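First the structure, in the form of C-alpha cells, and then the observations on it.
The values are calculated or read from the model by the stated rules, or taken from the named source; none is laboratory data. These numbers were taken from a predicted model, which means no experiment stands behind them. Heads up, the Cβs are rebuilt from the backbone with ideal geometry, glycines too, and the neighbour counts pull from every protein chain shown.
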C-alpha cells in the first residue's frame, strides 16, 4: 500500500512539478550596493532597517501592486487590462532573462553576454531620443520586433501587435516601478537614519524609533512626487526625439561623391574631431586585448557589466541598422555605456559621412588600415606596419 | 504477471487510438499539416508506408508480448518455472531475411523522392540566405544589387518570403549550434551545420493568402474556443455595464441572429461556460446571467422563422450543436453571425506556414518559430522586398 502511494506521489510530482512559475506575492525589494545606488566607492549593501523596509514595501505595493495584480493609480481600466495581459505575456516570454522585477536578473541571465537589460534604472540604450531621455513606445516596439542582433534578445516579430503593445506597457510599468524604488532607496542611502550607527553611538531606542518613524513619514510624503517625476519623464519621451535636421545625402554607391563621403568619414574616424579610433581602434575591430589598459578598466557600463566597443567590421548593430539609427547613436552616444555623444562637435553632414563610412566598412575592411594577422610560426611580421589590404572588392571575413 | 500484460497491451491500443484520432479528427491538428509542395506527395507516401510497416510490426510484437506473458503465467503456475527455448535456426533466418527484404524495398522505393529532394535542385541563385541562431532565424536577401555581402542586403528576422509555384533555393547557415530548418507544410527539413553553407530547395504550390482563406473555414475549433467564448463574455460585461435589465438589453441591443448564436453557444457549452469566461466577469454575476439567459432563450422558439431569419438552421447547425468539434459549414455560419453582431471585430484567423527548428531549439519550437510567406507573384515579392529595403534605409 505504502509502496503504491510512493509511486503515485512520485508520478504526480513528476507530472505536476514542472508546471508553471509560482509568482511570489510581492515584487522582491531590490538590493543595491552603495556604489550602485549613489556612486560612492563602497561595495557595502544598502541595508534597510526592518521598519523602513516594511514601509517601502507597502509603498511599492500601494503604488504598483503585486506581480499577480500589477497596477498604477492613475491609469484607465483599459490600460490596467493591458498591464494584466502584459504581465502574463512577460511571464511567458521575458521573465527567464529579464527577471520578475525587470532587473535583468532572471534565471537565464547569468549565462548571457551581454546581460539582459535591467529596466529598473530607467536607462535604455537603443532609442531615438536624447541620451538622458526615456525611449518612446515605438523604440521599444521596434526592439521587440527586430530583436537586438549580436545579443540574446530574439525578435518577437510574429507576435500580434496588440500583444507587443501590452508587453511594452508592462516593461514601461516595470521600469517606472524600478526607478521609483531606486529613487526612494537613494533617498534612504543619503538621508536615511543609520540605525546601526545610532545604536553604536548610544542613542536611546525611543529616539531611534522616532527618527525611523519620521523617515517613514518623509518617504510616504515624497512618494507621489517621485512617481509623478518618473511618469513625467516617460510622458516627455516623445518630445525628445533626435531628428537629423539635415537629411542624409543620397549617393549612388558607384559615384565619386559616395567615395568622397567615405573618405571624409574615414578622416573623421581617424581624426581627433570624432576620434572614433580611440575606442574602435584604427582597424575598426575594437580588439579589447589591444586596448589601452586604462581604457579597458573603464569599460564598464552603468549596470556594472563589461562594456566593449563594437567591432565595426561585423556589421551587427544592436540598436538597429538603419542609417537613422546610426546617426542617433553617433549624435547622442549610448546611454548607460561609454560611447560618447558626438552631436555637439560634429555637424549633421559630418555624422552622415561617418554613417556612410561605418555602413560600408564591413564589406570593405580595406577602407581602414588592416594589420596582417600575427603569424605564430614566423619571426617577422611584428613590425605592425599598416598594410593596406588589396582592393575594394575585398569582403569581410566575418561574413 | 497478468498486470504487466495489461500494461503492455495498453501501449498498442493507445498508439492505434491516437493514430486513428489524428485521421478521424483533423481539427485536432495531430496529423500531418496540409501539403503545399510538389514533393510533399511522395514524402507523405513514404511516411505513411513506413508508418504502416513499422506500425503493423509494432502492434504485432506488442500483442505477441502480451500473449506470451499470459502463457508464461499459465505455465509458471503448473511447475513454478518458465519454459526456455534456445537457438532456432529457422526463426533466425526469418527475422533476418524479412526485415532485410523490407528495408531493401524501402531503399529502392525512396530513391526518386530522395533524388528530387536532395539532388535535382534548380540551377538558380539562392533567393535568400537563412542564418539560424539561438533562438531566431536571420534571413538575408541580396537587395537591389543582387549581391550578397553588400551594404544593401535586406535583413528580416523570422520571416522567409518566397514566390508561389517556383522552385527556389536558399542557402542555409548557422551562427552557433546545429539547427534544423523545418517547413512542415512543405515537407522540407534540413540540418544547418556550423561552418557549412547548405543549399536547400523547395516550392510552394499555395500562397499564404489562399491558405489563410481556406484555413479560416477549417479552424472552427480554435475560432469558437478563442472568439466565441470571449465574445459571449463581452456580451455579459456589456450587459453588466449597461445596467439595464437583461431582458430589455437582449431586445434592444442584440439582433435575432445574435440571440440565436447565444442560444447555440449556451446549448453547446453550458457545462464549460463558467470556466471559460474572461476573468473580468464576476463569477456570481456569471452564473446568474447564464441562468437568466438560459431561461429567456429557452422561451424563445429557435424554430421560429422570424427569430432565425437568414440563418440556415438545418443539418449543419444541428451537427455543430451536437459535436464539440463542429463542422466546416457551421463555422462559416457562426462567423457570419458573429461578424454581423460585432462588425469590424472579427477577422479571419491569421494562419501561416510555419518555419521551425526541428532540433527543438527553444521551448517546443516556440522560441525559434518563424513563418514562410508565399507571395502570389514575383512582383508582389519584389514590392515587399522594396518596402523592407526602404524601411531599412530610413534616414529620418
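Points worth noting:
- Residue A:189 being under 29 Å from the mean Cα position of the chain (by Cα), modelled with pLDDT under 95 and surrounded by 11 or more Cβ atoms within 10 Å (Cβ to Cβ): yes
- Checking each residue of the range A:60-73 against the condition of being at pLDDT 90 or above and loosely packed, with under 14 Cβ neighbours inside 10 Å gives at least one match.
- Test: residue in the range A:244-252 that is away from chain B (no Cβ under 14 Å) and in contact with a helix residue (DSSP H, G or I) (Cβ under 8 Å, 6 or more places away or on another chain): no
The rows are residues; the columns are (1) touching a residue at least 40 places away in the same chain (Cβ under 8 Å); (2) surrounded by fewer than 21 Cβ atoms within 10 Å (Cβ to Cβ); (3) over 15 Å from residue A:93 (Cβ atoms); (4) within 14 Å of chain B (Cβ to nearest Cβ).
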position: A:115; (1), (2), (3), (4): yes, yes, yes, no
position: A:118; (1), (2), (3), (4): yes, no, yes, no
position: A:128; (1), (2), (3), (4): yes, no, yes, yes
position: A:132; (1), (2), (3), (4): yes, yes, yes, no
position: A:142; (1), (2), (3), (4): yes, yes, yes, yes
position: A:147; (1), (2), (3), (4): no, no, no, yes
position: A:155; (1), (2), (3), (4): no, no, no, yes
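- Test: residue in the range A:229-243 that is without any contact (Cβ under 8 Å) to a residue 60 or more places away in the chain and within 14 Å of chain B (Cβ to nearest Cβ): yes
- Residue identified as touching a helix residue (DSSP H, G or I) at 6+ places or on another chain (Cβ under 6 Å), closer than 26 Å to residue A:233 by Cα and modelled with pLDDT of 90 or more among A:117, A:137: A:137
- Taking the numbered list (1) away from every other protein chain (no Cβ under 14 Å); (2) in a loop (DSSP other than H, G, I, E, B); (3) touching a residue at least 24 places away in the same chain (Cβ under 8 Å) in turn, residue A:363 passes all entries but (1).
For (1) modelled with pLDDT of 90 or more; (2) more than 18 Å from the chain's Cα centre (by Cα); (3) more than 10 Å from chain A (Cβ to nearest Cβ); (4) buried (at least 19 other Cβ atoms within 10 Å of the Cβ), each residue gets a yes or a no:
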{"position": "B:353", "(1), (2), (3), (4)": "yes, no, yes, yes"}
{"position": "B:360", "(1), (2), (3), (4)": "no, no, yes, no"}
{"position": "B:372", "(1), (2), (3), (4)": "yes, no, yes, yes"}
{"position": "B:375", "(1), (2), (3), (4)": "yes, yes, yes, yes"}
{"position": "B:384", "(1), (2), (3), (4)": "yes, yes, yes, no"}
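- The sole residue among B:145, B:152, B:176 that is within 14 Å of another protein chain (Cβ to nearest Cβ) and either under 25 Å from residue A:112 (Cβ atoms) or surrounded by 21 or more Cβ atoms within 10 Å (Cβ to Cβ) (or both) is B:176.
- Within the range A:332-354, the set of residues being within 14 Å of chain B (Cβ to nearest Cβ) and over 17 Å from residue A:286 (Cα atoms) comprises A:348, A:349, A:351, A:352, A:353.
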